[in-house]
Structure formats: structure tokens, C-alpha cells
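Each remark here refers to the structure printed beneath this line.
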């Protein structure tokens, strides 16, 4: 699954990556969690549009937020299949976090691109507020050592295909990412608390050094 990610890039950087058409004010966020409202990019009348919307679909029957959609079953699930037709979106990010089997957190990011774009779906809730989910796929190779799922990432050259009106072409991108293009490293356990929203949660964590610092104070 994808339950935490970061986006500290500013508007100018997003404009270079996506389009000069997008505008909006948003703070740097290093520890974005479900229930928060990060920026999302969609296409309206052939123009890129940036908005801050709620992460997670409210599903009363489940009693919890639905934050991810599995790419393998997205065309079958009633909650998602109609949204896939015309409510696709992109969620800008610099990295995402996953916890391994020992509950140790890792930051995962692209080796070359500072900004990546998760594939997502958005909808209007009963309270008229917009919300989104992140589409996930099977993890490959080394990434699978951390977690068996990753976000589905759309490459820059395919942004318009994913957001556009060609449903069949968009469905071609419902496949796992190339794990060779990504790197990862351990981060501090403090990323587990959403109140810890600063650059330190994205820095590489050395457990032995941390313990030495603890005993030296």
C-alpha cells in the first residue's frame, strides 16, 4: 500500500514538471498522511488544474478511509471502475514511505527524478468535497524486500494520456513500476507520527549512530 509520502517541491518546480497553467499556494509537506489534503493535478478543458483535495474515500460500510486502489482489480471494483473512465488524476510527490516486516520505515524515491506523479482517482463526496485514492501495483525486485506494493507512477511523457479521454490508452499504464529506477534507505521511526512533518523524517537514518547520540547526551 501507499500510506505516507512527501512533497516539498514548490509551485515553480511543479510548473516545470507538469505545466505553466497550474497555480496555487501550498506548503512543503514531508509526512503526508491519509485524511490530509495535498495537491492533486487533473485535466479540465484540456488544461492542467491543481487543487488541494482530501486523501481517502469515505466508505461508511467499511468504517474507514479507503486510500489505495489495486491496479489489478480496479476495472472490476464498483467503487473505482466508473471513476477510472473519466476521473483520473496525478498526485505529485518527491518520495513515499513504507514499513518492512520488522516495522522499520524506509523512504523510496526515483534515482533521477526529484518529482514523481502517482496515478490516482478522484471523486466528489456527499459533503461536496473532493477526495482521491492512490493506485498501487505489485512491487518488483529490491522494492519487494520492503513491501509487496508500490504506488503506480506515471512518467512525464504519459501525463496527458493518463489524464485524457482515451480510456483504453489510460488502462495501458495500470502496471507495476520499474523497480530498477528507484532507490531507498532507512529513515527515523519518528516518521510514524504525522505531527513530525519536517525535513528530518526524509533523511537517512543510522540506528547505531542514533543510539550513540542518545547515550552521549
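Scanning the stretch 192-210 for residues that are under 16 Å from the mean Cα position of the chain (by Cα) and closer than 21 Å to residue 110 by Cβ yields one hit, 202. Taking the stretch 122-145 as the range and being surrounded by fewer than 20 Cβ atoms within 10 Å (Cβ to Cβ), in a loop (DSSP other than H, G, I, E, B) and within 18 Å of the chain's Cα centre (by Cα) as the test, only 140 passes.
If only residues of the stretch 49-83 that are free of Cβ contacts under 8 Å to residues at least 60 places away in the same chain and touching a helix residue (DSSP H, G or I) at 6+ places or on another chain (Cβ under 9 Å) are counted, the one that is farthest from residue 159 (Cα to Cα) is 59. Quick check on residue 185: is it more than 18 Å from the chain's Cα centre (by Cα) and either modelled with pLDDT of 95 or more or over 25 Å from residue 10 (Cβ atoms) (or both)? It is false that residue 185 is more than 18 Å from the chain's Cα centre (by Cα) and either modelled with pLDDT of 95 or more or over 25 Å from residue 10 (Cβ atoms) (or both). Confirm whether residue 39 is surrounded by 17 or more Cβ atoms within 10 Å (Cβ to Cβ) and at pLDDT 95 or above. Here the answer is yes, as residue 39 does meet what is asked. Filtering the stretch 154-166 down to residues that are free of Cβ contacts under 8 Å to residues at least 40 places away in the same chain and surrounded by 14 or more Cβ atoms within 10 Å (Cβ to Cβ), which residue is nearest to residue 100 (Cα to Cα)? For the stretch 154-166, the residue satisfying everything is 155.
Only residues that are in contact with a strand residue (DSSP E or B) (Cβ under 7 Å, 6 or more places away or on another chain) and on the phi < 0 side of the Ramachandran plot: list them for the stretch 21-35, please. Selection gives 21, 22, 23, 26, 29, 30, 31, 32, 33, 34. Apart from one condition, residue 101 fits all of (1) at pLDDT 95 or above; (2) farther than 20 Å from residue 162 by Cα; (3) surrounded by fewer than 22 Cβ atoms within 10 Å (Cβ to Cβ); the exception is (1). Right, residue 169: closer than 18 Å to residue 3 by Cα, free of Cβ contacts under 8 Å to residues at least 12 places away in the same chain and either exposed (fewer than 13 other Cβ atoms within 10 Å of the Cβ) or out of contact with any strand residue (DSSP E or B) (no Cβ under 8 Å at 6 or more places or on another chain) (or both) or not? No.
Within the stretch 12-36, the set of residues being surrounded by 14 or more Cβ atoms within 10 Å (Cβ to Cβ) and more than 19 Å from residue 158 (Cβ to Cβ) comprises 13, 26, 29, 30, 31, 32, 33, 34, 36. Each residue in the stretch 104-119 was checked for being farther than 18 Å from residue 200 by Cβ, in contact with a strand residue (DSSP E or B) (Cβ under 8 Å, 6 or more places away or on another chain) and surrounded by fewer than 20 Cβ atoms within 10 Å (Cβ to Cβ), and 3 of them qualify.
The values are calculated or read from the model by the stated rules, or taken from the named source; none is laboratory data. Remember, predicted model here, so these are calculated numbers, not experimental data. When we count neighbours, we look across all protein chains shown, and the Cβ atoms used for this are built from the backbone with ideal geometry, even at glycine.
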